[in-house]
Every structure is written in structure tokens, then in C-alpha cells.
Amino acid sequence: MKNLGSTKLTVLAIGLTAIVFSIIGALKDMSLTNYFFPLYVGLTLTGTVLLHDKKTAKSNL
């Protein structure tokens with residue numbers, strides 16, 4: 001079973017990658033319409049990792 005640190009790092013990397021590619025795509029096409037969902041997912045994943053609190057997490061998983 002993975003520890004929480006490596007899982008958080010993986011999710012953070014996926015989230016930041018989604019943010020970077022959606023911003024690059026939106027700037028290239030000059031339209032956010034096609035890139036809103038990947039940007040939303042990236043921000044959600046990144047926010048989840050950064051705002052995760054160990055006190056409220058279940059340790060028996």
C-alpha cells in the first residue's frame with residue numbers, strides 16, 4: 001500500500017499537468033470553452049492536495 005505522501009505527490013503532479021496544458025491550449029486557441037473542464041479538474045486536484053488535513057483523514061484505510 002502506498003503511503004500518503006507519494007499519493008499526494010502523484011495527484012499534485014497530475015493536477016498541475018492538467019492546469020498547465022489547459023492554460024497553454026486556451027492561450028493557443030484563444031478560447032477557454034474547450035479547456036474549461038481540464039482546468040477545473042486540475043484546480044480541484046491541486047486544491048484537494050494542498051488543503052488536505054491529516055487530522056480529518058481516516059488513518060484506518
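Taking Cα atoms only, the orientation of helix 4-29 departs from the longest principal axis of the chain by about 10 degrees. Among the trypsin sites (Lys or Arg not before Pro) in segment 1-57, those placed in a DSSP loop whose Cβ has at most 13 other Cβ atoms within 10 Å are Lys2, Lys54, Lys55. Across Thr33, Thr46, Thr17, mean-square fluctuation computed from a Gaussian network of the chain (C-alpha pairs under 10 Å connected) peaks at Thr33.
Take the Kirkwood radius over Cα pairs of the chain, plug it into Stokes-Einstein at 25 °C and 0.890 mPa s, and you get 193 µm²/s for translational diffusion. The angle separating the long axis of helix 36-50 from the principal Cα axis of greatest extent in the chain is about 30 degrees.
Only the coordinates and a few stated rules stand behind these numbers; no lab work does. These numbers were taken from a predicted model, which means no experiment stands behind them. With ideal geometry, Cβ positions are generated from the backbone for all residues, glycine too; neighbour counts draw on all protein chains shown.
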